[in-house]
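Here the structure comes first, spelled out in structure tokens, and everything after it is commentary.
Values in this text are rule-based calculations from the coordinates and carry no lab data. Given the structure is predicted, the values throughout are model-derived calculations rather than measurements. Note: ideal-geometry Cβ built from the backbone for every residue, glycine included; neighbour counts use all protein chains shown.
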């Protein structure tokens with residue numbers, strides 16, 4: 001499972017950039033196919049996050065528990081975001097790879113993977129935290145429809161589309177190619193964007209637009225803790241679904 005949670009697409013058929021075949025599949029069709037493949041784990045994730053949102057506002061024990069997480073986030077600041085993202089995006093996927101795909105056998109490649117994924121997700125956690133803080137400064141923190149909609153639009157159609165998805169595709173493909181330098185130019189080609197990045201963007205939208213709307217409906221200090229929880233759940237769900245499909 002070398003692709004991160006942000007671009008998990010079981011059976012999505014994404015290929016490397018190559019010369020146009022006679023009947024190349026349209027990138028939006030590949031993205032829609034990837035979104036359909038992710039439908040079940042995406043719906044489960046969205047249902048869990050919606051349940052947490054409702055429980056936060058209407059079930060006092062959950063409110064108390066999540067407020068404790070918010071206090072921890074407020075105390076640790078960016079450090080919390082970095083650690084939570086590393087655990088959710090790097091440690092959990094590697095543990096799941098060992099348990100599910102390697103039948104409990106630890107290999108040298110697992111440590112090699114962590115040397116890449118831990119710094120990557122640390123960076124992504126810090127970027128997401130900065131995004132959430134910046135949006136709170138621009139749009140405010142109240143969970144109104146206008147504020148939530150504006151934040152979700154910027155998150156998914158600006159940050160995810162033009163920063164997070166391309167960066168994730170580039171770096172993970174570079175890692176999977178053995179960190180080769182001679183093929184870096186292809187990541188900036190129209191063919192690569194069409195065949196790899198656009199399908200990932202469509203797949204992301206299908207899962208994460210509802211999730212970020214839920215996140216932005218919560219207090220600011222809770223958004224990063226529940227983002228990390230959502231990322232962890234997504235990785236676990238995807239791993240389970242992909243294992244069942246393989247069987």
Sorting 36, 108 on the 10 Å Cβ count, fewest up front, what's the list?
108, 36
Within 10 Å of each residue's Cβ, count the other Cβ atoms and sort 29, 123, 137, 96 from fewest upward.
137, 29, 123, 96
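Compare the peptides 43-49, 83-89 by average per-residue count of other Cβ atoms within 10 angstrom and give them in order, highest first.
So the order, starting with the most tightly packed, is 83-89, 43-49.
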Packing-based ranking, highest mean first, of 229-235, 214-220 given that Cβ atoms within 10 Å are counted
229-235, 214-220
Which order results if 94, 142 are arranged by neighbouring Cβ count within 10 Å, fewest first?
142, 94
Calculated FRET efficiency, residue 95 and residue 59, Cβ-Cβ r, R0 22 Å, to nearest 0.05?
0.15
Just need log10 I(q)/I(0) for the range 38-241 at q = 0.08, 0.11, 0.17 Å⁻¹, Debye formula, equal scatterers on the alpha-carbon atoms, no solvent, rounded to two decimals.
-0.29, -0.55, -1.31
Note down the nm distance, to one decimal, between modelled labels 7 Å out along Cα→Cβ at residue 182 and at residue 149.
5.3 nm
